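Worksheet: the structure to be examined is printed underneath.
All of the numbers you see were taken from the coordinates with simple rules; none came from a lab. Predicted model, so just to flag it, every value in this text is computed and none were measured. Cβ placement follows ideal geometry from the backbone for every residue including glycine, while neighbour counts extend to all protein chains displayed.
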Amino acid sequence: MATNPTYTISDLAREFDLTTRAIRFYEDMGLLQPLREGPGGRNRVYSARDRTRLKLTLRAKRLGLSLTEAKDIIDMYDSPRDTGPQLRKFLAVLADHRRQLEEQMADLVANLDEVKVHEKEARALLTRIDRKSA
């Protein structure tokens with residue numbers, strides 16, 4: 001009979017290039033639920049499920065989702081395997097996030113355009129000053 005793999009906090013920190021503090025934070029947020037072993041339950045034992053949840057959390061973070069959004073979506077996968085509601089929720093979260101990114105991008109483009117105008121004006125003034133002093 002095969003046993004399910006388990007991981008220490010150090011194992012996961014090394015694998016995902018995280019600090020143990022970050023992993024404990026994800027645990028505090030309810031994203032991970034390790035078993036406690038040893039004296040006073042000091043040793044955390046993470047399951048394959050915890051490892052998968054951590055991987056999904058980091059993927060959601062890369063997408064720019066909040067940890068609350070990530071948790072909501074990941075928690076849905078622990079519920080009965082009806083993927084319709086899960087996918088609808090995921091699509092809604094992604095659509096909202098895409099809208100936010102597009103707004104940020106429009107703001108950045110406007111900001112860049114303004115910087116270009118000021119650069120052009122400053123160069124023109126500098127050219128006039130250089131001509132006068134020549």
Open item on the list: List the lysines whose Cα sits under 29 Å from the Cα of Lys71, skipping any in the same chain fewer than 8 residues away.
Closed with: Lys55, Lys61, Lys89
Open item on the list: Show me, for segment 24-30, the HN-Hα J-couplings you get by feeding each phi into the Karplus relation (A = 6.51, B = -1.76, C = 1.60, θ = phi - 60°), rounded to Hz, glycine and proline as x.
Closed with: 5, 4, 4, 5, 4, 6, x
Task: Calculated log₁₀ intensity ratio I(q)/I(0) where the Debye formula runs over C-alpha points of segment 79-134, q = 0.23, 0.30 Å⁻¹ - done: -0.87, -1.03
Open item on the list: Along the Cα→Cβ direction, 7 angstrom out, place labels at Arg128 and Asp113. What is the inter-label distance in nm?
Closed with: 2.5 nm
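For segment 1-63, what value does the Rg/Rh ratio take when both radii are computed over Cα atoms and Rh is the Kirkwood radius, given to two decimals?
On the way: Rg = 11.7 Å, Rh = 12.0 Å.
Taking Rg over the Kirkwood Rh, I get 0.97.
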Open item on the list: What is the ratio of the Cα radius of gyration of the chain to 2.2 N^0.38 Å, with N the residue count, to two decimals?
Closed with: 1.74
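Subtracting the Cα-Cα distance from 0.36 nm times the residue separation, let me have the gained length for Gln104 to Asn43 in nm, one decimal.
17.7 nm
Per the helix-only calculation at 222 nm, which mean residue ellipticity applies to the chain, given -39500 (n - 2.57) for every DSSP H run of n ≥ 4 and division by its residues, nearest 500 deg cm²/dmol?
Roughly -23500 deg cm²/dmol at 222 nm, from the helical runs in the chain.
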